[in-house]
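Asks: Dropping a structure here in structure tokens format, bear with me for questions.
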Amino acid sequence: MKWQPKGLWQNKDFVKIWSGQTISNFGSGITGIALPLTAVLVLSATPAQMGILSALESVSVLVFGLLAGVWVDRLRRRPILILTDLGRALVLGSIPLAALLGVLHLAQVYIVAALTGILTVFFNVADEAFLPSLLPQDQLVEANSKLGISDSLAEISGPASAGPLVQLFGAPLAIFFDALSFLLSALSIGLVRTPEPQPTPAKRRQSIWRESSEGLRMIRDNALLRSLAMSAMLFNFFGNFIGTLYVLYIVREVHAAPLVIGFFVATGGISALVGAIFAQRVIQRIGPGPAVGAMLTLYGLTGLLLPLAHDPLGVAIALLFTSQLLGDASVSIYSIAEVSLRQAIIPNAFLGRVNASMQFLTQGVGPAAAILAGILGTVIGLRLTIFIGVLGVIFAGVWLLISPVRRVRSL
């Protein structure tokens, strides 16, 4: 029996976007492992140097996030997506080339991490703004669910492929596959034929600094966006308590082997995939507003199993496994509902600036939260610090359940 595509699988332009994102996410999963291994195994980086590398990868949203939003609204989004993909391919491709020529240095790895981070900020802002111009509002949940499946598949397969590739070719050469993935992504996006709306005419533009703050003002003045932003800031701040200390907690408090950590990561990826598959049904059944609050709250509640993980080891592993299995599915649904709701609320002309402002506000708290988590983990212990993080995530979900967002039943 011949398979007949249904829903958005019949939309050729969406399939091109989905295919390109799936390929590039897979490649990014490889680089997420191979780039740090290049610094450690090939260039003998110290812990302090690894900290610098991590900071360079994450600080871009603070420095360039708001500016990216302005340019995404001033220009057509598809060319930005193509150029940033090509730019990342070029930058990442310099690592294996330098390794083959015997001239690879840590300074180059720093520069590559910084430039890739900047280009990724522009790509992510343009990507979230491009989809609503490609599809009607009533298809956004389905589209984001399918893109969520892509993210989950990459989370499972990308890191899993990185190990064998690093073993076979070495860490620097493994990064070539990510560079190639960005070229294929650029090709896929370049084949999209749906016309975009006209960007803001030049004569109606204001100064870059004034336009960059318009996204923040729109979030402040819109009750729904304000609630989503406040919750996401709480989620990212306290979630960083958990993310920063998770591996350390499992090793030192639970006394689990590294193999178990890999098992948990794989479980999380599969769980997120299941959540993405069922996200559209859940959101349509209870509405995007209730889904955002309920799924984030459920994620927080499952997180309570983390600080409860005590000896014997079998019981601790069972609790951590259950938390990962239920939590990643629920947070996957939350993410799909949240971005779909946001895309439906924001006028097309402001999508770039508002989405960039959301990234600036929500991801900008990450570095401070990570530092605070390290301090608290040292002073009051890992278990109690993670418990505080879990309570903060629960509060972020409850915030949405009592906010105006809960009343949004359809897009």
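Coordinate-derived values only; no laboratory data. As the structure is a computational prediction, the values presented were derived from the model and not from experiment. No Cβ is skipped: glycine too gets one built from the backbone with ideal geometry, and neighbour counts run over all protein chains shown.
Asks: Based solely on its DSSP helices, what 222 nm [θ] is calculated for the chain when runs of n ≥ 4 H residues each add -39,500 (n - 2.57) and the sum is averaged over all residues, nearest 500 deg cm²/dmol?
Replies: Value at 222 nm, helices only, nearest 500: -27500 deg cm²/dmol.
Asks: Which length gain, in nm to one decimal place, applies between L180 and L401 when the Cα-Cα distance is subtracted from 0.36 nm times their residue separation?
Replies: Extending this stretch completely gives an extra 75.2 nm.
Asks: Using a basic spin-label model with each label point 7 Å from the Cα along Cα→Cβ, how many nm lie between I286 and V251?
Replies: With each label placed 7 Å out from Cα toward Cβ, I get 3.7 nm.
Asks: Could you grab the relative contact order for the chain? Cα pairs under 8 Å, six or more apart, rounded to a whole percent. Can you show the working numbers first?
Replies: Values: 647 pairs, mean separation 111.2, N = 411.
Contact order relative to length: 27 percent.
Asks: Can you give the relative contact order of region 215-407 as a percent, counting alpha carbon pairs under 8 Å and 6+ residues apart?
Replies: Reported relative contact order: 45 percent.
Asks: Still on this model: With +1 on each Lys and Arg Cβ and -1 on each Asp and Glu Cβ, and nothing else charged, work out how big the dipole of the chain is about its Cα centre, in Debye to the nearest 20.
Replies: It comes to approximately 1180 debye.
Asks: Further question: What is the order of R285, R226, R342, fewest Cβ neighbours within 10 Å to most?
Replies: If I rank by nearby Cβ atoms, fewest first, I get R285, R226, R342.
Asks: To the nearest 0.05, how large is the calculated FRET efficiency for W9 and N222 if R₀ is 35 Å and r is the Cβ-Cβ distance?
Replies: 0.55
Asks: For semi-axes √(5λ) of the Cα gyration tensor in Å, several values are listed as (i) 37, 22, 20; (ii) 31, 28, 22; (iii) 30, 25, 22; flag the one computed from this structure.
Replies: (ii)
Asks: May I pose another question? Just how large is the dipole of region 58-202 about the Cα centre, in debye to the nearest 20, putting +1 at every Lys and Arg Cβ and -1 at every Asp and Glu Cβ?
Replies: My answer is approximately 360 debye.
Asks: Residues with beta-carbon under 14 Å from that of L224, excluding L224: net charge, scoring Lys, Arg +1 and Asp, Glu -1?
Replies: +4
Asks: About the Cα centre of region 225-348, what is the dipole size in debye to 20, counting +1 per Lys and Arg Cβ and -1 per Asp and Glu Cβ, all else neutral?
Replies: Computed about the Cα centre, the dipole is about 360 debye.
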